[in-house]
Amino acid sequence: MYAIVQTGGKQYKVEAGQKFKVEKLEKEVGDEFELTDVLLIGGDKVIVGVPRVEEASVKVKVAHQARANKIIVLKKKRRQGYRKLQGHRQSYTELLVQSILGPGGLKSVVKPEKKTKANATPKAKKATQEEAN
């Protein structure tokens, strides 16, 4: 299941478990909150909002606050001796989608990963090897 949400004047297509970058939000890393401007919910059944889907929200967690790479802005007029060099770094917030809640009990949640021997830590691998010997 996916949803299209609006924040910071832009629209984003998101799924449960996905990280995405938005315009800087005044939140702390680790804060959990809901985005209520859900424009569409898709999947087996598509629900289109007019303009928003009622009783729908996307639960997100702030994963990271940072600034993007620097871009260079150069203005120049030929044969006039005019040059202006400027740099810009845009601040952003990276969000992790935890769940998508739709009307009528529709729900998409991130499933926690099960630890297997392949995903075990090096200490756990070493301990299992010692037990085998």
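A compact table of results
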read-out: Peptide ranges 44-57, 78-91, 11-24 listed from the most packed, as the mean C-beta count within 10 angstrom indicates; value: 11-24, 44-57, 78-91
read-out: Relative exposure of T36, T7, judged by other C-beta atoms within 10 Å (fewest first); value: T36, T7
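Every number here is computed from the coordinates shown, using simple stated rules; none is lab data. In this text the structure is predicted, and so the values were computed from the model without any measurement. Neighbour counts run over all protein chains shown; Cβ positions are idealised from the backbone, glycine included.
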